[in-house]
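The block underneath contains the structure these notes are about, expressed in structure tokens.
The values are calculated or read from the model by the stated rules, or taken from the named source; none is laboratory data. Nothing here was measured: the structure is a model prediction, and the numbers come from that model. Methodologically, a virtual Cβ is constructed for each residue, glycine included, from the backbone with ideal geometry; neighbour enumeration extends over all protein chains shown.
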Amino acid sequence: MKEKLDRLDISILKLLQEDNSRPHKQIAGVLNLSSTTICERIKKLKTEGYIITSVAILNRRKLKQEVLAFIHLRLSHYSDEIIDAFKYDISRIKEVCECCTITGQYNIKLKIITTDNTSFSGIQRNIANIKNVQALESYVVLDNIINDTGFSF
């Protein structure tokens, strides 16, 4: 894998973060390069693992997904076996869209998106009933102040 990105790679990544649907020809125009050069660089960035995938970011409210919440939870023990079992159980709950191990009082952070508070309450109960979940604390998002999916270079 390449050790360091050059300025052109970084410029391409910035533009793709802003709008991944831009045609390569448009990116080439912005950067004063040929479409072929841009195509080759993007292909290389994908091959080297800098670009994992290209996705659309959806408006959850337009899709009637009104509740965005985070659940911090603590597992009773923290072994590979318990983590693997937890991963299996949590991956079966379709409303869990992110799961991270974290430091601090809790050791897992979940991001939940669902239709309403009743649904969220049921999801919360399902998570609390997963084997080895010792404690959990929930935070419902009232408003997004910054909603950015990009990296700063």
Residue count for the range 1-31, restricted to those that are more than 15 Å from residue 51 (Cβ to Cβ) and of a type outside the set (Lys, Arg): 8
Between 82, 71, which is touching an Asp or Glu at 6+ places or on another chain (Cβ under 8 Å) and within 28 Å of residue 107 (Cβ to Cβ)? 71
Residue list for the range 123-153, filter: surrounded by 13 or more Cβ atoms within 10 Å (Cβ to Cβ), in contact with a strand residue (DSSP E or B) (Cβ under 9 Å, 6 or more places away or on another chain) and not in a loop (DSSP other than H, G, I, E, B): 123, 124, 127, 128, 133, 136, 138
State whether the residues of the range 77-85 include one that is exposed (fewer than 10 other Cβ atoms within 10 Å of the Cβ) and in the same structural domain as residue 14 (by TED's automatic domain parsing). no
Can you tell which of 74, 22 is closer than 30 Å to residue 133 by Cα, over 18 Å from the mean Cα position of the chain (by Cα) and surrounded by 14 or more Cβ atoms within 10 Å (Cβ to Cβ)? 74
Are any of the residues in the range 42-60 loosely packed, with under 12 Cβ neighbours inside 10 Å, β-branched (Val, Ile, Thr) and under 28 Å from residue 143 (Cβ atoms)? yes
Residues 81, 98: which one is within 30 Å of residue 11 (Cα to Cα), without any contact (Cβ under 8 Å) to a residue 24 or more places away in the chain and charged (D, E, K, R)? 98
